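Novice: Input: one structure, supplied below.
Only the coordinates and a few stated rules stand behind these numbers; no lab work does. What you see is a predicted model, and the numbers here were worked out from it, not measured in a lab. Ideal geometry is used to build each Cβ from the backbone, glycine not excepted, and the neighbour counts take in all protein chains shown.
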Amino acid sequence: MKESVSSFISNLISVVLGIAITFFVQGIIDRSQDKQDVRAALDLVRSELTTNMADVADMTEYLHLERTAARYLLEHRKNLKACPDSLVREYSGIIFANASITLSDDALELLKMSSLFQKIGDNDLALKIIRAYDTGSIIASSINHHIAERNELFAGAVNEKTFRQMTSGGSIDIWRYIKTPYGEYTIRWLTSQGDISTITDVSDLQSAIDAIDTYQLGRRAARRAARAARKAERIARKAARAGTTAVQLDTNSTTE
């Protein structure tokens, strides 16, 4: 009877330990998988923010060209026909281009829906990511508002058919257009807009990218340091065992 109880307790302990070890190992695996998922998600966020910055840079270049074109047309408005025809067509095409910008936030939405945001473990990084996307949204909204306002001014100066031609890449007699009071006002309005950098400042996006790089490199550096520490510990144990063996051999030799 005693042997039976002892055997039962021994088996029970083995089962409990087995379950505990299983949960412990599974927890380690889950945490490791979470870390990998977070790293992958942050890589996607970084890539998306980088693409968004490139899109803003392209639109910033366009806005600079738009204002350069407006200043040129305004300066030569009284004798535009004497200007190089190719340059006039190029500049009028820039001004009347139906441009817009849309910045992606798919990676951010994935991060939110997968609940990985809470697993980043760095509140400052999380806030920088959110701020970067908020800033991107404001930039896109400001640029699109500027273009919509410009198009409304153009539409007020010409009839519907001519406006459709302008905004779909069609040709237009820019000299005739700019000679109208409303046309000249529209071109002057473009030249009077403020500093472009005030609506295209991507410093928050760059800050988030830098923070992600620091976070990812820090994690990798921590893993490398942990591996190096484990390696050093193994070397130290081997050296300690080798020293103990040498002492024992020396003791045996002295005794003999």
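Novice: Order by neighbour count: Asp201, Asp105, fewest other Cβ atoms within 10 Å first, most last. Before the final figure, lay out each step's value.
Specialist: Values: Asp201 16, Asp105 19.
Fewest to most other Cβ atoms nearby, the residues stand as Asp201, Asp105.
Novice: To make sure I understand, if each residue's beta carbon is the centre and we count other beta carbons within 10 Å, what order do Thr191, Thr214, Thr60 fall in, fewest to most? Could the numbers behind the result be given before it?
Specialist: Numbers: Thr191 16, Thr214 12, Thr60 19.
Ascending number of Cβ neighbours within 10 Å: Thr214, Thr191, Thr60.
Novice: Treat the count of other C-beta atoms within 10 Å as a stand-in for reagent exposure and order Tyr62, Tyr182 from fewest to most. Intermediate results must be reported in sequence, preceding the final value.
Specialist: Details: Tyr62 17, Tyr182 13.
The fewest-first ordering by Cβ neighbours comes to Tyr182, Tyr62.
Novice: Here is a follow-up. Using θ = phi - 60° and the Karplus relation 6.51 cos²θ - 1.76 cosθ + 1.60, list the HN-Hα couplings for the range 78-84 in order, rounded to whole Hz, with x at every Gly or Pro.
Specialist: 7, 9, 5, 5, 7, 7, x
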